[in-house]
1. Output the qualifying pairs, or none if there are none: Cβ atoms under 7 angstrom, residues six or more apart or on different chains, first residue in the stretch 238-258 and at negative phi and of a type outside the set (S, T, N, Q), second residue surrounded by 12 or more Cβ atoms within 10 Å (Cβ to Cβ) and modelled with pLDDT under 90.
2. Filter the stretch 178-192 down to residues that are part of a loop (DSSP other than H, G, I, E, B) and hydrophobic (A, V, I, L, M, F, W, C), then give me how many there are.
3. Within the stretch 36-52, which residues are in contact with an Asp or Glu (Cβ under 7 Å, 6 or more places away or on another chain) and of a type outside the set (A, V, I, L, M)?
4. Please name all residue pairs, on different chains or six or more residues apart, with Cβ atoms under 6 Å, provided the first residue is in the stretch 72-84 and is free of Cβ contacts under 8 Å to residues at least 60 places away in the same chain and surrounded by fewer than 23 Cβ atoms within 10 Å (Cβ to Cβ) and the second residue is among the small types (G, A, S) and assigned to a helix (DSSP H, G or I).
5. If you take the residues of the stretch 300-327 that are of a type in the set (D, E, K, R) and not in a loop (DSSP other than H, G, I, E, B), which of them is farthest from S260 (Cα to Cα)?
6. Can you find a residue that is more than 20 Å from Y17 (Cβ to Cβ) and in contact with a strand residue (DSSP E or B) (Cβ under 7 Å, 6 or more places away or on another chain) anywhere in the stretch 438-453?
7. Please go through the stretch 355-384 and pick out each residue that is polar (S, T, N, Q) and either out of contact with any helix residue (DSSP H, G or I) (no Cβ under 6 Å at 6 or more places or on another chain) or closer than 19 Å to E21 by Cβ (or both).
8. Which members of the stretch 16-51 meet the condition of being among the acidic types (D, E) and not in a loop (DSSP other than H, G, I, E, B)?
Amino acid sequence: MKKVGIDAISFYIPSIYVGIEELATKRNIEYAKLNKGLGLNKMAFPDCNEDAASFAANALLELITKNNIDPRTIGRIYMGTESALDSSKPTCTYAIEPVELELSTLFGSRCFKNCDVLDMTFACIGAVDALHNSVDWVANGENRKAVVIASDVAKYDLESTGEYTQGAGAVAVLITENPDIISITNTIGVATKSVGDFFKPRRVFSKLNIIKQTATLLGKEISDDEAKKILNENRSEFWSNANVNFELFMEEPVFDGPYSNECYQDRIFEALEHFNSQKQINILNDWQHLIFHLPYAFQARRMIVKKWITWLEENGTIHTLYDEVGKPDEHEEKNWLRLVSKSKVYHSFLADKIVDGEKASSEIGNMYTASIFMSLLSLLNISYDDNRELSSNKVGFFSYGSGSKAKVFEGVIEKNWKQKIKSSHLFHHLEKRTEIDIETYENLHKNEITKPISKNTVIGLSHINNESNRLGLREYKPNTI
(Lines give C-alpha, C1' and ligand atoms only; values in the text may rest on other atoms or scores of the structure.)
Protein backbone atom coordinates (compact mmCIF):
# COMPACT_ATOMS: atom_id res chain seq x y z
CA MET A 1 0.00 0.00 0.00
CA LYS A 2 1.30 3.47 -0.92
CA LYS A 3 2.68 5.61 1.91
CA VAL A 4 1.65 9.27 1.86
CA GLY A 5 2.39 12.00 4.37
CA ILE A 6 4.59 14.93 5.37
CA ASP A 7 7.88 15.02 3.49
CA ALA A 8 9.06 18.48 4.61
CA ILE A 9 7.93 21.15 7.06
CA SER A 10 8.60 24.85 7.62
CA PHE A 11 7.24 27.63 9.80
CA TYR A 12 6.99 31.37 10.23
CA ILE A 13 6.59 33.07 13.61
CA PRO A 14 6.47 36.86 14.05
CA SER A 15 9.81 38.17 15.32
CA ILE A 16 8.20 40.15 18.15
CA TYR A 17 6.49 38.82 21.26
CA VAL A 18 4.87 39.83 24.54
CA GLY A 19 6.17 38.45 27.83
CA ILE A 20 3.35 36.73 29.72
CA GLU A 21 4.81 37.79 33.08
CA GLU A 22 4.68 41.44 32.04
CA LEU A 23 1.15 41.04 30.70
CA ALA A 24 0.05 39.34 33.92
CA THR A 25 1.47 42.21 35.97
CA LYS A 26 -0.33 44.77 33.81
CA ARG A 27 -3.64 42.90 34.09
CA ASN A 28 -3.29 42.17 37.82
CA ILE A 29 -3.32 38.42 37.20
CA GLU A 30 -1.15 36.07 39.23
CA TYR A 31 1.67 35.03 36.89
CA ALA A 32 1.76 31.49 38.30
CA LYS A 33 -1.86 31.01 37.19
CA LEU A 34 -0.80 31.59 33.58
CA ASN A 35 2.66 30.06 33.71
CA LYS A 36 2.25 27.05 36.00
CA GLY A 37 -1.46 26.63 35.36
CA LEU A 38 -1.67 27.11 31.59
CA GLY A 39 1.96 26.73 30.54
CA LEU A 40 2.31 30.24 29.07
CA ASN A 41 5.68 32.01 28.77
CA LYS A 42 5.55 34.22 25.69
CA MET A 43 2.93 35.35 23.21
CA ALA A 44 3.78 35.89 19.55
CA PHE A 45 2.10 38.96 18.09
CA PRO A 46 2.03 40.22 14.49
CA ASP A 47 3.73 43.42 13.43
CA CYS A 48 1.63 46.05 11.67
CA ASN A 49 2.61 44.69 8.23
CA GLU A 50 1.83 41.06 9.06
CA ASP A 51 -1.30 38.96 8.76
CA ALA A 52 -2.36 35.40 7.90
CA ALA A 53 -1.42 35.88 4.23
CA SER A 54 2.08 37.18 4.93
CA PHE A 55 2.67 34.40 7.48
CA ALA A 56 1.59 31.84 4.88
CA ALA A 57 3.76 33.40 2.19
CA ASN A 58 6.86 33.33 4.38
CA ALA A 59 6.27 29.73 5.48
CA LEU A 60 5.68 28.65 1.87
CA LEU A 61 8.80 30.42 0.62
CA GLU A 62 10.86 28.82 3.38
CA LEU A 63 9.46 25.38 2.55
CA ILE A 64 10.38 25.71 -1.13
CA THR A 65 13.82 27.26 -0.77
CA LYS A 66 15.08 25.12 2.12
CA ASN A 67 14.01 21.89 0.45
CA ASN A 68 15.01 22.77 -3.12
CA ILE A 69 11.49 22.22 -4.42
CA ASP A 70 10.61 23.21 -7.97
CA PRO A 71 7.34 25.10 -7.36
CA ARG A 72 6.07 24.10 -10.81
CA THR A 73 5.83 20.51 -9.54
CA ILE A 74 3.38 21.46 -6.77
CA GLY A 75 -0.13 20.52 -7.89
CA ARG A 76 -2.07 22.14 -5.09
CA ILE A 77 -1.66 24.54 -2.20
CA TYR A 78 -4.48 24.21 0.31
CA MET A 79 -4.59 26.61 3.23
CA GLY A 80 -6.42 26.16 6.52
CA THR A 81 -7.20 29.43 8.26
CA GLU A 82 -9.84 31.15 10.34
CA SER A 83 -8.17 34.55 9.82
CA ALA A 84 -9.43 35.05 6.26
CA LEU A 85 -8.90 38.50 4.78
CA ASP A 86 -11.77 38.38 2.29
CA SER A 87 -15.14 36.65 2.01
CA SER A 88 -14.50 35.84 -1.66
CA LYS A 89 -10.84 35.93 -2.64
CA PRO A 90 -8.99 33.12 -0.83
CA THR A 91 -6.29 34.22 1.59
CA CYS A 92 -4.06 31.62 -0.06
CA THR A 93 -4.14 33.59 -3.32
CA TYR A 94 -2.82 36.62 -1.49
CA ALA A 95 0.00 34.45 -0.14
CA ILE A 96 1.21 32.85 -3.37
CA GLU A 97 1.54 36.06 -5.40
CA PRO A 98 4.60 37.50 -3.60
CA VAL A 99 6.17 34.03 -3.44
CA GLU A 100 5.86 33.74 -7.21
CA LEU A 101 7.52 37.13 -7.51
CA GLU A 102 10.37 36.09 -5.24
CA LEU A 103 10.90 32.85 -7.16
CA SER A 104 10.55 34.34 -10.64
CA THR A 105 14.30 34.70 -11.21
CA LEU A 106 14.81 30.95 -10.84
CA PHE A 107 11.54 29.57 -12.19
CA GLY A 108 10.06 32.28 -14.38
CA SER A 109 6.85 34.19 -13.84
CA ARG A 110 3.72 32.51 -12.49
CA CYS A 111 5.34 29.34 -11.22
CA PHE A 112 2.01 28.40 -9.57
CA LYS A 113 0.03 28.88 -12.82
CA ASN A 114 -1.18 25.26 -12.88
CA CYS A 115 -1.56 24.89 -9.12
CA ASP A 116 -4.95 24.32 -7.48
CA VAL A 117 -5.25 26.90 -4.67
CA LEU A 118 -7.90 26.89 -1.97
CA ASP A 119 -8.79 28.01 1.56
CA MET A 120 -10.46 25.58 3.96
CA THR A 121 -12.25 26.94 7.03
CA PHE A 122 -13.53 25.15 10.09
CA ALA A 123 -12.05 27.13 12.99
CA CYS A 124 -8.85 25.50 14.26
CA ILE A 125 -9.31 22.21 12.39
CA GLY A 126 -9.37 23.66 8.87
CA ALA A 127 -5.73 22.83 8.10
CA VAL A 128 -6.22 19.22 9.26
CA ASP A 129 -9.11 19.04 6.78
CA ALA A 130 -6.70 20.37 4.14
CA LEU A 131 -4.14 17.76 5.19
CA HIS A 132 -6.52 14.82 4.84
CA ASN A 133 -7.89 16.12 1.55
CA SER A 134 -4.37 16.52 0.16
CA VAL A 135 -3.20 13.12 1.43
CA ASP A 136 -6.11 11.53 -0.45
CA TRP A 137 -5.29 13.51 -3.60
CA VAL A 138 -1.62 12.50 -3.54
CA ALA A 139 -2.54 8.85 -2.85
CA ASN A 140 -4.87 8.74 -5.84
CA GLY A 141 -2.33 9.91 -8.40
CA GLU A 142 1.26 9.35 -9.41
CA ASN A 143 4.14 11.51 -8.16
CA ARG A 144 1.83 14.26 -6.98
CA LYS A 145 2.99 16.99 -4.60
CA ALA A 146 0.75 19.13 -2.43
CA VAL A 147 1.43 21.85 0.10
CA VAL A 148 -0.77 22.43 3.13
CA ILE A 149 -0.42 25.74 4.95
CA ALA A 150 -1.90 26.49 8.37
CA SER A 151 -1.84 30.21 9.10
CA ASP A 152 -3.65 32.32 11.68
CA VAL A 153 -3.71 35.27 14.04
CA ALA A 154 -5.32 34.44 17.39
CA LYS A 155 -6.52 37.85 18.57
CA TYR A 156 -8.84 38.55 21.50
CA ASP A 157 -10.17 41.74 23.06
CA LEU A 158 -7.79 43.59 25.34
CA GLU A 159 -8.33 42.63 29.00
CA SER A 160 -10.57 39.69 28.01
CA THR A 161 -10.18 36.18 29.44
CA GLY A 162 -8.72 35.05 26.12
CA GLU A 163 -6.11 37.80 25.81
CA TYR A 164 -3.22 35.92 27.38
CA THR A 165 -3.75 32.91 25.06
CA GLN A 166 -3.16 34.94 21.88
CA GLY A 167 -0.55 33.87 19.36
CA ALA A 168 0.25 33.97 15.66
CA GLY A 169 2.15 32.27 12.87
CA ALA A 170 2.08 29.66 10.14
CA VAL A 171 3.31 26.15 9.38
CA ALA A 172 3.65 24.77 5.84
CA VAL A 173 4.04 21.07 5.01
CA LEU A 174 4.85 19.24 1.78
CA ILE A 175 2.69 16.17 1.13
CA THR A 176 4.20 13.44 -1.07
CA GLU A 177 4.42 9.72 -1.62
CA ASN A 178 7.11 7.97 0.46
CA PRO A 179 7.53 10.93 2.81
CA ASP A 180 10.69 11.51 4.80
CA ILE A 181 9.07 12.78 8.02
CA ILE A 182 5.77 11.08 8.78
CA SER A 183 3.26 8.96 6.89
CA ILE A 184 -0.44 9.37 7.65
CA THR A 185 -2.50 6.20 7.98
CA ASN A 186 -5.97 5.82 6.50
CA THR A 187 -8.07 5.60 9.68
CA ILE A 188 -9.72 8.85 10.78
CA GLY A 189 -12.12 9.25 13.68
CA VAL A 190 -14.54 12.16 13.24
CA ALA A 191 -17.11 13.82 15.50
CA THR A 192 -19.23 16.84 14.57
CA LYS A 193 -21.88 18.87 16.38
CA SER A 194 -23.11 22.38 15.62
CA VAL A 195 -22.47 24.51 18.70
CA GLY A 196 -21.74 28.17 19.47
CA ASP A 197 -18.66 27.82 21.64
CA PHE A 198 -16.54 30.21 19.55
CA PHE A 199 -17.40 32.13 16.38
CA LYS A 200 -16.71 35.30 14.42
CA PRO A 201 -20.03 36.66 13.20
CA ARG A 202 -20.76 39.72 11.15
CA ARG A 203 -21.50 42.42 13.72
CA VAL A 204 -24.41 44.69 12.80
CA PHE A 205 -24.60 48.31 13.99
CA SER A 206 -27.46 50.69 13.23
CA LYS A 207 -26.31 53.85 11.42
CA LEU A 208 -29.11 55.76 13.12
CA ASN A 209 -27.91 54.77 16.57
CA ILE A 210 -24.29 55.52 15.69
CA ILE A 211 -25.24 59.06 14.55
CA LYS A 212 -27.14 59.64 17.80
CA GLN A 213 -24.31 58.23 19.94
CA THR A 214 -21.77 60.38 18.09
CA ALA A 215 -23.88 63.46 18.76
CA THR A 216 -24.04 62.53 22.44
CA LEU A 217 -20.24 62.25 22.55
CA LEU A 218 -20.11 65.78 21.12
CA GLY A 219 -22.44 67.03 23.84
CA LYS A 220 -25.63 67.22 21.77
CA GLU A 221 -28.81 65.17 21.88
CA ILE A 222 -30.68 64.62 18.60
CA SER A 223 -33.95 62.90 17.75
CA ASP A 224 -34.46 59.96 15.40
CA ASP A 225 -35.89 62.34 12.79
CA GLU A 226 -32.87 64.63 13.01
CA ALA A 227 -30.54 61.65 12.70
CA LYS A 228 -32.45 60.36 9.66
CA LYS A 229 -32.25 63.79 8.02
CA ILE A 230 -28.47 63.88 8.53
CA LEU A 231 -28.14 60.42 6.98
CA ASN A 232 -30.45 61.18 4.04
CA GLU A 233 -28.63 64.39 3.18
CA ASN A 234 -25.14 62.92 3.52
CA ARG A 235 -23.42 62.07 0.25
CA SER A 236 -20.19 60.54 1.54
CA GLU A 237 -19.36 57.01 0.41
CA PHE A 238 -19.10 55.89 4.04
CA TRP A 239 -22.57 57.04 5.18
CA SER A 240 -24.71 57.10 2.04
CA ASN A 241 -24.74 53.36 1.31
CA ALA A 242 -28.37 52.18 1.10
CA ASN A 243 -27.96 49.69 3.95
CA VAL A 244 -29.37 51.14 7.19
CA ASN A 245 -26.73 49.18 9.11
CA PHE A 246 -22.98 48.92 9.20
CA GLU A 247 -21.87 45.29 8.89
CA LEU A 248 -18.43 44.78 10.39
CA PHE A 249 -16.12 41.81 10.58
CA MET A 250 -13.85 41.72 13.62
CA GLU A 251 -10.84 39.51 14.28
CA GLU A 252 -11.78 39.13 17.93
CA PRO A 253 -14.22 36.23 18.42
CA VAL A 254 -17.35 35.77 20.46
CA PHE A 255 -16.54 32.89 22.78
CA ASP A 256 -17.37 31.01 25.95
CA GLY A 257 -14.10 29.60 27.29
CA PRO A 258 -15.44 26.96 29.72
CA TYR A 259 -18.06 25.80 27.22
CA SER A 260 -15.44 25.62 24.45
CA ASN A 261 -13.23 23.44 26.66
CA GLU A 262 -16.23 21.18 27.28
CA CYS A 263 -16.97 20.96 23.54
CA TYR A 264 -13.30 20.26 22.79
CA GLN A 265 -13.30 17.38 25.24
CA ASP A 266 -16.63 15.95 24.11
CA ARG A 267 -15.77 16.02 20.39
CA ILE A 268 -12.25 14.60 20.93
CA PHE A 269 -13.57 11.63 22.88
CA GLU A 270 -16.39 11.03 20.39
CA ALA A 271 -13.84 11.10 17.55
CA LEU A 272 -11.61 8.69 19.47
CA GLU A 273 -14.54 6.34 19.90
CA HIS A 274 -15.19 6.55 16.16
CA PHE A 275 -11.53 5.81 15.45
CA ASN A 276 -11.65 2.76 17.70
CA SER A 277 -14.76 1.51 15.93
CA GLN A 278 -12.65 1.27 12.77
CA LYS A 279 -9.28 0.31 14.24
CA GLN A 280 -8.91 -0.71 17.86
CA ILE A 281 -6.04 1.19 19.45
CA ASN A 282 -4.41 0.88 22.86
CA ILE A 283 -3.22 4.44 23.34
CA LEU A 284 -0.82 3.76 26.20
CA ASN A 285 0.90 0.94 24.33
CA ASP A 286 0.40 1.64 20.63
CA TRP A 287 0.98 5.39 20.33
CA GLN A 288 4.39 6.59 21.51
CA HIS A 289 3.47 10.29 21.18
CA LEU A 290 0.22 12.25 21.46
CA ILE A 291 -0.10 15.51 19.54
CA PHE A 292 -2.98 17.89 20.27
CA HIS A 293 -4.47 21.11 19.08
CA LEU A 294 -3.34 23.46 21.86
CA PRO A 295 -5.35 26.64 22.48
CA TYR A 296 -2.88 27.01 25.35
CA ALA A 297 0.12 24.84 26.13
CA PHE A 298 -1.39 22.77 28.96
CA GLN A 299 -4.84 22.24 27.40
CA ALA A 300 -4.24 18.56 26.66
CA ARG A 301 -2.84 17.61 30.05
CA ARG A 302 -5.76 19.33 31.80
CA MET A 303 -8.36 17.76 29.51
CA ILE A 304 -7.11 14.20 29.28
CA VAL A 305 -6.86 13.25 32.99
CA LYS A 306 -10.13 11.32 33.29
CA LYS A 307 -9.59 9.53 30.00
CA TRP A 308 -6.06 8.57 31.06
CA ILE A 309 -7.51 6.94 34.19
CA THR A 310 -9.78 4.77 32.01
CA TRP A 311 -6.76 3.82 29.87
CA LEU A 312 -4.98 2.62 33.02
CA GLU A 313 -8.03 0.57 33.96
CA GLU A 314 -8.23 -0.98 30.48
CA ASN A 315 -4.55 -1.94 30.68
CA GLY A 316 -4.82 -3.37 34.19
CA THR A 317 -2.31 -0.84 35.58
CA ILE A 318 -4.64 1.37 37.64
CA HIS A 319 -2.92 0.10 40.79
CA THR A 320 0.13 2.24 39.94
CA LEU A 321 -2.05 5.31 40.44
CA TYR A 322 -3.89 3.98 43.50
CA ASP A 323 -0.57 3.13 45.16
CA GLU A 324 0.40 6.80 44.96
CA VAL A 325 -2.82 8.77 45.57
CA GLY A 326 -5.28 6.19 46.88
CA LYS A 327 -8.64 5.17 45.45
CA PRO A 328 -11.26 7.80 44.57
CA ASP A 329 -13.85 8.92 47.09
CA GLU A 330 -17.15 9.76 45.38
CA HIS A 331 -17.64 12.65 47.80
CA GLU A 332 -14.17 14.09 47.13
CA GLU A 333 -13.77 13.37 43.41
CA LYS A 334 -12.65 16.91 42.54
CA ASN A 335 -9.88 16.88 45.13
CA TRP A 336 -8.87 13.36 44.13
CA LEU A 337 -8.59 14.35 40.46
CA ARG A 338 -6.42 17.28 41.50
CA LEU A 339 -4.11 14.84 43.27
CA VAL A 340 -4.11 12.63 40.17
CA SER A 341 -3.12 15.54 37.93
CA LYS A 342 -0.14 16.25 40.21
CA SER A 343 0.89 12.63 40.71
CA LYS A 344 4.27 11.27 39.66
CA VAL A 345 2.68 8.51 37.59
CA TYR A 346 0.60 11.04 35.60
CA HIS A 347 3.57 13.33 35.07
CA SER A 348 5.56 10.35 33.88
CA PHE A 349 2.86 9.73 31.26
CA LEU A 350 2.97 13.41 30.25
CA ALA A 351 6.76 13.43 29.97
CA ASP A 352 6.68 10.28 27.88
CA LYS A 353 3.95 11.23 25.41
CA ILE A 354 2.85 14.89 25.56
CA VAL A 355 5.34 17.38 27.05
CA ASP A 356 7.63 17.74 24.02
CA GLY A 357 4.66 18.79 21.92
CA GLU A 358 3.71 21.51 24.42
CA LYS A 359 6.98 23.41 24.57
CA ALA A 360 6.68 25.50 21.42
CA SER A 361 3.13 26.48 22.37
CA SER A 362 4.46 27.88 25.66
CA GLU A 363 6.71 30.22 23.67
CA ILE A 364 4.22 31.21 20.94
CA GLY A 365 0.63 30.98 22.18
CA ASN A 366 -2.41 29.82 20.25
CA MET A 367 -1.85 29.50 16.51
CA TYR A 368 -5.37 28.25 15.75
CA THR A 369 -5.05 26.01 12.65
CA ALA A 370 -1.26 25.88 12.92
CA SER A 371 -1.28 24.80 16.57
CA ILE A 372 -1.36 21.04 16.00
CA PHE A 373 1.32 21.23 13.28
CA MET A 374 3.53 23.34 15.55
CA SER A 375 3.06 20.74 18.28
CA LEU A 376 4.40 18.08 15.90
CA LEU A 377 7.29 20.37 14.93
CA SER A 378 8.05 20.94 18.61
CA LEU A 379 8.27 17.19 19.24
CA LEU A 380 10.52 16.66 16.22
CA ASN A 381 12.87 19.53 17.08
CA ILE A 382 13.29 18.54 20.71
CA SER A 383 13.89 14.93 19.75
CA TYR A 384 16.49 15.96 17.17
CA ASP A 385 18.22 18.33 19.61
CA ASP A 386 18.31 15.55 22.23
CA ASN A 387 19.56 13.03 19.65
CA ARG A 388 16.58 10.73 20.18
CA GLU A 389 15.54 8.30 17.48
CA LEU A 390 11.85 8.40 16.58
CA SER A 391 11.83 6.20 13.49
CA SER A 392 8.82 3.84 13.40
CA ASN A 393 7.23 5.61 16.39
CA LYS A 394 3.49 6.01 16.08
CA VAL A 395 1.89 9.38 16.75
CA GLY A 396 -1.74 9.91 17.71
CA PHE A 397 -3.20 13.25 16.60
CA PHE A 398 -6.12 14.93 18.37
CA SER A 399 -7.44 17.91 16.40
CA TYR A 400 -10.35 20.21 17.20
CA GLY A 401 -12.20 23.11 15.60
CA SER A 402 -14.85 25.15 17.36
CA GLY A 403 -18.30 25.06 15.94
CA SER A 404 -17.54 22.08 16.37
CA LYS A 405 -15.57 19.14 14.97
CA ALA A 406 -12.77 16.84 16.08
CA LYS A 407 -10.60 14.39 14.17
CA VAL A 408 -8.39 11.69 15.64
CA PHE A 409 -5.84 10.08 13.33
CA GLU A 410 -2.38 8.55 13.40
CA GLY A 411 0.98 8.80 11.70
CA VAL A 412 4.20 6.82 11.63
CA ILE A 413 7.52 8.66 11.81
CA GLU A 414 9.78 7.71 8.92
CA LYS A 415 13.48 6.84 8.99
CA ASN A 416 14.74 10.02 7.26
CA TRP A 417 12.98 12.46 9.58
CA LYS A 418 16.24 13.80 11.04
CA GLN A 419 17.52 14.86 7.63
CA LYS A 420 14.49 17.10 7.16
CA ILE A 421 14.44 18.51 10.71
CA LYS A 422 18.14 19.23 11.27
CA SER A 423 17.92 22.68 9.64
CA SER A 424 14.67 23.64 11.38
CA HIS A 425 16.23 25.23 14.49
CA LEU A 426 12.79 26.05 15.88
CA PHE A 427 13.79 26.94 19.43
CA HIS A 428 16.88 28.84 18.33
CA HIS A 429 14.60 30.97 16.18
CA LEU A 430 12.18 31.53 19.08
CA GLU A 431 15.07 32.69 21.28
CA LYS A 432 16.09 35.32 18.72
CA ARG A 433 12.78 37.21 18.81
CA THR A 434 12.43 40.71 20.25
CA GLU A 435 10.23 41.45 23.24
CA ILE A 436 7.93 44.46 23.03
CA ASP A 437 6.55 46.32 26.04
CA ILE A 438 2.87 46.29 26.95
CA GLU A 439 2.21 49.81 25.69
CA THR A 440 3.63 48.94 22.25
CA TYR A 441 1.64 45.69 22.20
CA GLU A 442 -1.60 47.51 23.04
CA ASN A 443 -0.97 50.10 20.33
CA LEU A 444 -0.35 47.30 17.82
CA HIS A 445 -3.50 45.57 18.98
CA LYS A 446 -5.50 48.77 18.38
CA ASN A 447 -3.85 49.25 14.95
CA GLU A 448 -2.38 52.57 16.05
CA ILE A 449 1.14 51.65 14.87
CA THR A 450 1.69 51.99 11.13
CA LYS A 451 5.47 51.65 10.87
CA PRO A 452 6.83 48.08 11.28
CA ILE A 453 8.79 47.43 14.46
CA SER A 454 10.79 44.52 13.06
CA LYS A 455 13.00 44.48 9.97
CA ASN A 456 13.09 40.66 9.79
CA THR A 457 9.94 40.04 7.75
CA VAL A 458 10.85 38.61 4.34
CA ILE A 459 7.39 39.12 2.82
CA GLY A 460 5.04 41.70 4.30
CA LEU A 461 1.90 43.68 3.61
CA SER A 462 2.93 46.67 1.54
CA HIS A 463 -0.31 48.39 0.64
CA ILE A 464 -4.11 48.30 0.98
CA ASN A 465 -5.76 49.83 -2.06
CA ASN A 466 -8.26 52.66 -1.76
CA GLU A 467 -9.14 53.02 -5.45
CA SER A 468 -12.86 52.53 -6.09
CA ASN A 469 -12.51 49.36 -8.17
CA ARG A 470 -9.76 47.90 -5.96
CA LEU A 471 -10.96 49.13 -2.59
CA GLY A 472 -9.49 47.02 0.21
CA LEU A 473 -7.40 44.77 -2.04
CA ARG A 474 -4.23 43.86 -0.16
CA GLU A 475 -0.80 43.82 -1.77
CA TYR A 476 2.29 42.01 -0.50
CA LYS A 477 5.86 42.06 -1.65
CA PRO A 478 9.21 40.52 -0.75
CA ASN A 479 11.47 42.95 1.09
CA THR A 480 14.36 41.80 -1.08
CA ILE A 481 12.78 43.25 -4.23
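The values are calculated or read from the model by the stated rules, or taken from the named source; none is laboratory data. The structure displayed is predicted, hence computed values, not measured ones. For neighbour counting, all protein chains shown are included, and Cβ atoms are generated from backbone atoms with ideal geometry for every residue, glycine included.
1. W239/L231
2. 1
3. Within the stretch 36-52, G39, N41, K42 qualify.
4. Matching pairs, first to second residue: none at all.
5. Ranking the qualifying residues of the stretch 300-327, first place goes to D323.
6. Checking the stretch 438-453: not a single residue is more than 20 Å from Y17 (Cβ to Cβ) and in contact with a strand residue (DSSP E or B) (Cβ under 7 Å, 6 or more places away or on another chain).
7. S361, S362, N366, S371, S383
8. Those that are among the acidic types (D, E) and not in a loop (DSSP other than H, G, I, E, B): E21, E22.
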